[in-house]
Amino acid sequence: MKQRLDELEAKQKNILEEYITDQHSLFSEVILAKLLPEKLKMPQLTSYEDDNDPVGHLDRYTFWMELQGASDVIMCRAFPLTFGNRAMRWFKKLLQCSIQS
């Protein structure tokens, strides 16, 4: 049983490493390892673009996610889902695995 668990853990780690390498994820392995909760409800915010107020956008996002009890890691992973096209293009230019927290 222990051997089987070790094999599954090794397989999961390999899958995660492949994902990071193949998809060029901007998130670190620590952030990617945390799964998003099934019942997480994303806030109904206007997509952020560079002409919007960044502090106001971040405040509304943070308040909503805190109400749901989301951890910092979950908030970090889900935040790019609030970006509009221009903001997403900027975000995708960041270095692979550069987001640590």
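The values are calculated or read from the model by the stated rules, or taken from the named source; none is laboratory data. If you're wondering where the values come from, they're calculated on a predicted model, not measured in any experiment. Methodologically, a virtual Cβ is constructed for each residue, glycine included, from the backbone with ideal geometry; neighbour enumeration extends over all protein chains shown.
Yes/no per residue for (1) surrounded by 12 or more Cβ atoms within 10 Å (Cβ to Cβ); (2) at pLDDT 80 or above:
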site: Met42; (1), (2): yes, no
site: Asp51; (1), (2): no, no
site: Gln68; (1), (2): yes, yes
site: Gly84; (1), (2): yes, yes
site: Met88; (1), (2): yes, yes
site: Phe91; (1), (2): yes, yes
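Here the stretch 47-77 is the region considered, the condition is being out of contact with any helix residue (DSSP H, G or I) (no Cβ under 8 Å at 6 or more places or on another chain) and polar (S, T, N, Q), and the residue that is farthest from Lys93 (Cα to Cα) is Gln68.
Name the single residue that is nearest to the chain's Cα centre (by Cα) among those in the stretch 49-98 being small (Gly, Ala, Ser) and on the phi < 0 side of the Ramachandran plot. Write out each step before concluding.
First, the residues of the stretch 49-98 that are small (Gly, Ala, Ser): 56, 69-71, 78, 84, 87, 98.
Filter again for on the phi < 0 side of the Ramachandran plot, leaving 56, 70-71, 78, 84, 87, 98.
Values: Gly56: 20, Ala70: 12, Ser71: 11, Ala78: 5, Gly84: 16, Ala87: 15, Ser98: 12 Å.
Filtering the stretch 49-98 for residues that are small (Gly, Ala, Ser) and on the phi < 0 side of the Ramachandran plot, the one nearest to the chain's Cα centre (by Cα) comes out as Ala78.
If the condition is being over 20 Å from Val30 (Cβ atoms) and in contact (Cβ under 8 Å) with a residue 24 or more places away in the chain, then the stretch 57-76 contributes His57, Gln68.
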